[in-house]
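Take a look at the structure set out below.
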Amino acid sequence: MTLKMSSADMVAAARARIREIETPDLMAMLQDPDVVVVDLRDIRERQRSGYIPGSFHAPRGMIEFWVDPDSPYFKEIFGQDKTFVFHCASGWRSAITTATLQDMGFDAAHLREGFSTWEKHGGPVEYPEKKD
């Protein structure tokens with residue numbers, strides 16, 4: 001099967017037109033109350049690998065609906081006047097997401113390398129409490 005555009009092409013096109021934040025820069029922004037880090041990874045990825053402290057989890061499949069104030073799924077967190085930085089594991093899903101949200105008129109950025117390099121750069125990681 002031949003696709004009109006590969007997923008890698010989609011990521012490259014998105015990255016060419018969105019704001020990308022480097023890992024050390026996001027680490028410096030973590031204490032800013034006007035910055036919201038949004039984790040798009042699957043809940044199992046967060047459980048397995050941990051997450052950026054204070055990050056908000058938003059499933060990739062729902063984000064367009066959660067940011068839209070006219071959607072029945074709208075989440076109030078996205079109605080705040082804050083800087084939103086989206087991330088996934090490697091930066092692919094978050095790049096496409098950020099481009100899509102930008103097309104909707106929602107201002108956002110994404111973590112260029114994703115969570116995969118967060119710990120390597122000394123970023124703090126929290127893990128969910130295990131349920132008995």
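Our summary gives the chain a relative contact order of 33 percent, counting only alpha carbon pairs under 8 angstrom and 6 or more residues apart. For the chain, the carbon plus sulfur part of the accessible surface works out to 51%, probe radius 1.4 Å.
Once C-alpha pairs closer than 8 Å and six or more residues apart are averaged by separation and normalised to the residue number of the range 84-132, the relative contact order reads 40 percent. Taking a ≥ b ≥ c as the square roots of the eigenvalues of the Cα gyration tensor, the range 56-132 is oblate, since a/c reaches 1.5 or more and a/b is not larger than b/c.
About the centre of its Cα atoms, the chain shows a dipole size close to 520 debye [charges on the beta carbon of Lys, Arg (+1) and Asp, Glu (-1) only; nearest 20 debye]. Modelled this way, with points 7 Å down the Cα-to-C-beta line, the labels at residue 48 and residue 107 are 3.6 nm from one another.
Express the accessible area of the chain per residue in Å², computed with a 1.4 Å probe while the remaining protein chains stay in the model.
Per residue, the chain has 59 Å² of solvent-accessible surface.
If R0 is 22 Å, the Cβ-Cβ spacing of residue 120 and residue 25 corresponds to a FRET efficiency of close to 0.90.
For the residues 122, 91, 114, a GNM of the chain with alpha-carbon springs under 10 Å puts the largest fluctuation on 122. A Förster radius of 41 Å combined with the Cβ-Cβ distance from residue 32 to residue 6 puts the calculated FRET efficiency at roughly 0.70. With Cα atoms as the point set, the radius of gyration and Dmax of the chain evaluate to 14.8, 48 Å.
For the range 1-71, the relative contact order comes to 24 percent (Cα pairs under 8 Å, sequence separation of at least 6). Pairs of C-alpha atoms in the range 59-101 farther apart than 14 Å represent 49 percent of all such pairs.
With 10 Å bins beginning at zero, the pair-distance distribution over Cα atoms of the range 92-132 amounts to 25, 32, 30, 12, 1 %. Note on the chain: dipole from Cβ charges, positive end direction compared against 2, 18, 37; the farthest Cα belongs to 2.
Over the chain, DSSP H runs of length four or greater, each weighted -39,500 (n - 2.57), average out per residue to a 222 nm ellipticity of -8500 deg cm²/dmol. Think of the chain as having a plus end and a minus end, set by charges on the Cβ of Lys, Arg, Asp and Glu; of 47, 67, 87, 47 sits farthest toward the positive end of this dipole.
The values are calculated or read from the model by the stated rules, or taken from the named source; none is laboratory data. Just so you know, these numbers come straight off a predicted model, no measurement behind them. Backbone-built Cβ (ideal geometry, glycine too); neighbour counts: all protein chains shown. With ligands, DNA and RNA removed, areas are computed over all heavy atoms of the protein, side chains included. Shrake-Rupley method; radii C 1.70, N 1.55, O 1.52, S 1.80 Å.
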